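These notes are about the structure you will find just below.
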Amino acid sequence: MKKLYLPIFGFLSFTILFFATLLAAGYFYLRTPAQPEPPMLTAEPAVADFGKVGPGFHETKIQLINSSKYPTAIINVTKTCSCTQVTIPKRLIPAGEKIELKCRLDTNGKEGRTGAILAIGYVPQTEKIDVDAAPRYLEVELIAEVEPLQQLPSIITVEQASAQK
């Protein structure tokens, strides 16, 4: 009878030790903070400030820089305002390369601080093609301080003109 208990006791102690090791490994794995991935696509400048402008159309250029080791595809550009137009020269940015976006802001009919945010959706094209990959987004802000045009008086009489002298 002693021979029967010895193998079962050895098997049980091995099983308990095995699962305790797995539990400890999982605990330390979950406690190790994940290193954040560096952004693959960056914008230069991230905020395009037009400064003080009058009503009209104002243009700027923004460089998109692909700092990854994979080509990156731009899937869409979402704008928060219909007053903004964006021209994308090509949809695929090779690894380590950059492209230039042309942005146009229409400030007609606006006064004070105005602007728009562009959300540029992109997907890195890694060795493994994942058709269900969720796009990443890069935000670029366009801002301007719109000053109204000064209105000239429509009719100046001779008396008003001589009184101003």
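The values are calculated or read from the model by the stated rules, or taken from the named source; none is laboratory data. Note that the structure is a prediction, hence the values are computed from the model and not measured. Using ideal geometry, Cβ is built from the backbone for each residue, glycine included, and neighbour counts are taken over all protein chains shown.
Points worth noting:
- Subset of the range 42-66 [on the phi < 0 side of the Ramachandran plot and either exposed (fewer than 14 other Cβ atoms within 10 Å of the Cβ) or without any contact (Cβ under 8 Å) to a residue 12 or more places away in the chain (or both)]: GLU44, PRO45, ALA46, VAL47, ASP49, LYS52, GLY54, PHE57, GLU59, LYS61, GLN63
So that you can scan it fast, the table gives a plain yes or no per residue for (1) of a type in the set (A, V, I, L, M, F, W, C); (2) part of a strand (DSSP E or B):
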{"site": "VAL86", "(1), (2)": "yes, yes"}
{"site": "PRO89", "(1), (2)": "no, no"}
{"site": "ALA95", "(1), (2)": "yes, no"}
{"site": "LEU101", "(1), (2)": "yes, yes"}
{"site": "ARG113", "(1), (2)": "no, yes"}
{"site": "LEU118", "(1), (2)": "yes, yes"}
{"site": "GLY121", "(1), (2)": "no, yes"}
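- Only residues that are at pLDDT 90 or above and under 19 Å from VAL86 (Cα atoms) were counted across the range 123-151, and they come to 8.
- For the range 73-91, a tally of residues being touching a Pro at 6+ places or on another chain (Cβ under 6 Å) and either on the phi > 0 side of the Ramachandran plot or at pLDDT 90 or above (or both) returns 0.
Okay, residues lined up against (1) outside any strand (DSSP E or B); (2) in contact with a Leu (Cβ under 8 Å, 6 or more places away or on another chain); (3) charged (D, E, K, R):
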| position | (1), (2), (3) |
| --- | --- |
| ASP49 | no, no, yes |
| LYS52 | no, no, yes |
| LYS61 | no, yes, yes |
| LEU64 | no, yes, no |
| LYS69 | yes, no, yes |
